[in-house]
C-alpha cells in the first residue's frame with residue numbers, strides 16, 4: 001500500500017483526503033468559500049498524487065501540489081499555498097530548535113553558568129533554564145514586534161532579561177530598609193516584628209533581600225546600610241551596657257533610651273562597663289555581618305536555584321555606630337566566607353565617596369576609604385560611586401536618603 005514518508009523518517013499510510021483538505025483551505029483563504037470548482041481542483045490534484053506508484057515524502061507531495069496549481073488558472077491559490085507552506089516550515093524550525101534548546105537545558109549538556117548566582121547543574125537550575133527558554137520564545141514569537149525580534153536574533157539589539165519580558169515585572173529596585181526594620185513587615189505566611197538588635201537587623205536584611213527577589217527579576221539594593229544600622233547598634237550596645245551594670249557594677253542603674261550615642265557621657269561614667277559593652281557590641285556586629293554574607297551566598301531563592309542579586313551602599317556615615325558598621329562590612333568582605341575564605345559574590349558592596357567625608361587625609365572616614373581599597377584589591381568589592389557627581393547635585397548632606405546609590409556590577413564605578 002502507498003505510504004507517505006514523514007519529516008522525521010516515519011512512514012504512514014497515504015491519505016489523499018489530506019491533500020484535498022489542504023487545497024480547499026487555500027481556496028477558502030483567498031475566496032472566502034470552498035466552491036464546486038475548488039473541490040474539483042483539489043480532488044484532481046489528490047487523484048494525481050494518488051496514482052504515482054511509489055512512496056512519497058511530505059515535501060515531494062507539497063511540491064507537486066504547488067506545480068499543479070501554478071500550471072492552472074489558480075496562480076493566486078498557488079501563492080497562498082506557498083505562503084502557508086513557508087510559514088508552517090518556519091514554525092516547525094522554530095519548534096524544532098526550541099525543543100533542542102529545552103532538551104539541552106534539562107540534560108545540562110551545555111552548562112555555561114552565565115550568571116554567578118545560578119547553578120545550571122542543579123535541579124532548580126535545569127528547570128529554570130528550560131523555563132527561561134520557553135519564556136524567551138513566548139516573548140519573541142507573541143509579544144515583541146517583528147523588527148525587535150529580528151534585531152534580537154541578529155544580535156543587533158539585545159533585549160535584557162528577555163525570559164522575564166512576558167510577565168512584565170519590574171527590574172531592580174532599592175528596598176526601604178529603614179522603614180521595614182523599624183516597623184516590621186508582612187510576608188505571605190506571617191508578619192515579622194521590628195528589629196531589636198544589630199544581629200536581628202542584619203538577619204532581616206538577608207530575609208528582605210530574599211523575599212523581594214522572589215517578586216521580581218533583577219537585583220535589589222540597600223541605599224545607605226551604614227546609616228540604616230545606627231539605631232540597632234545603639235540598641236545592642238544599651239542591652240550589653242545594662243548587663244555590665246548588673247554583673248560588673250552590681251548596680252540596678254539601667255539605661256532605657258535607645259537614642260543615646262554609644263559615646264554618650266552617661267555610658268563613659270562607668271569605664272569597665274563601657275569597655276565590656278563595646279567589646280560585646282563589636283563581636284555581635286561582626287557575627288551579624290558574617291551571618292549576612294553567609295546567608296546571601298548560600299540561601300537561594302527563585303525556586304531554589306538562584307542567589308538573590310543583592311547590593312549594599314555604604315561609606316558616608318560618620319557617627320560612631322555607622323563607622324563601626326562600615327568597618328565590620330569591609331572586614332567581613334576581606335575575611336571571606338566558608339572554610340577556605342572565598343570571596344563573597346553577594347552582596348555587591350558599593351562604597352559611596354563624598355567630599356569632606358572620606359576622600360582625603362583628615363576626612364573623618366578616610367581611614368575607612370583606605371580599608372575599602374584594601375578590600376577591593378583583595379576581593380574585587382566594594383565598587384565605588386561618587387556622591388558628588390553632577391547628577392546628584394543638591395543632595396542634603398544630613399539626609400542619606402538623598403545620596404546617590406547604585407546596583408553593584410563586576411566592575412568599578414568611576415570616581
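Quick notes
- Length gained when the stretch residue 75-residue 185 is fully extended (0.36 nm per residue, less Cα-Cα span): 32.7 nm
- For the chain, the Kirkwood hydrodynamic radius comes to 26.7 Å, computed from all pairs of different C-alpha atoms.
- Across the range 164-204, C-alpha contacts under 8 Å between residues 6 or more apart give a mean separation that, scaled by the residue count, equals a relative contact order of 26 percent.
- Helix 58-70 and the long axis of the chain differ in direction by around 60°, with both axes built from C-alpha atoms.
- Contact order normalised by residue count of the chain, Cα under 8 Å, 6+ apart, percent: 11 percent
- Reducing the range 208-261 and the range 39-98 to their Cα centroids gives an inter-centroid distance of 75 Å.
- The simple Förster model, with R0 at 51 Å and r as the Cβ-Cβ distance, assigns residue 216 and residue 367 a FRET efficiency of 0.85.
- Each label point was placed 7 Å from the Cα along the Cα-to-Cβ direction; for residue 166 and residue 99 their separation is 1.8 nm.
- Stretching the chain fully between residue 399 and residue 154 yields a gain of 83.5 nm (0.36 nm per residue, less the alpha carbon separation).
- The calculated 222 nm mean residue ellipticity attributable to helices in the chain amounts to -16500 deg cm²/dmol, summing -39500 (n - 2.57) over DSSP H runs of n ≥ 4 and dividing by all residues.
- The calculated FRET efficiency for the pair residue 145 and residue 279, based on their C-beta separation and a Förster distance of 45 Å, comes to about 0.10.
- Packing-based exposure ordering (other Cβ within 10 Å, fewest first) of 245, 1: 1, 245
- Cα-only radius of gyration and Dmax that characterise the range 334-415, units Å: 13.8, 46
- Calculated FRET efficiency for the pair residue 264/residue 196, C-beta based, R₀ 25 Å, to 0.05: 0.80
- Relative contact order of the range 1-62, taken over Cα pairs closer than 8 Å and 6 or more residues apart, is 44 percent.
- Scattering profile of the range 3-85 at q = 0.24 Å⁻¹ [log10 I(q)/I(0), Debye over alpha-carbon scatterers]: -1.17
- For the chain, the longest principal axis of the alpha carbon atoms and the long axis of helix 271-296 meet at an angle near 10°.
- Rounded to 10°, Cα long-axis angle of helix 230-247 versus longest principal axis of the chain: 40 degrees
- For the range 171-402, the equivalent ellipsoid derived from the Cα gyration tensor has semi-axes of 29, 23, 18 Å, listed largest first.
- Inter-site label distance for residue 64 and residue 110 at 7 Å from Cα along Cβ, in nm: 3.8 nm
- Between residue 299 and residue 251, the simple label model (points 7 Å from Cα in the Cβ direction) yields a spacing of 3.9 nm.
- Extension gain for the segment residue 82 to residue 53, taken as residue separation times 0.36 nm less the Cα-Cα distance, is 7.9 nm to one decimal.
Any read-out appearing in this document is the output of simple, stated calculations on the displayed coordinates, not a laboratory observation. This structure is a prediction, so every number in the text was calculated from the model and none was measured. We place every Cβ from the backbone using ideal geometry, glycine too, and count neighbours over all the protein chains shown.
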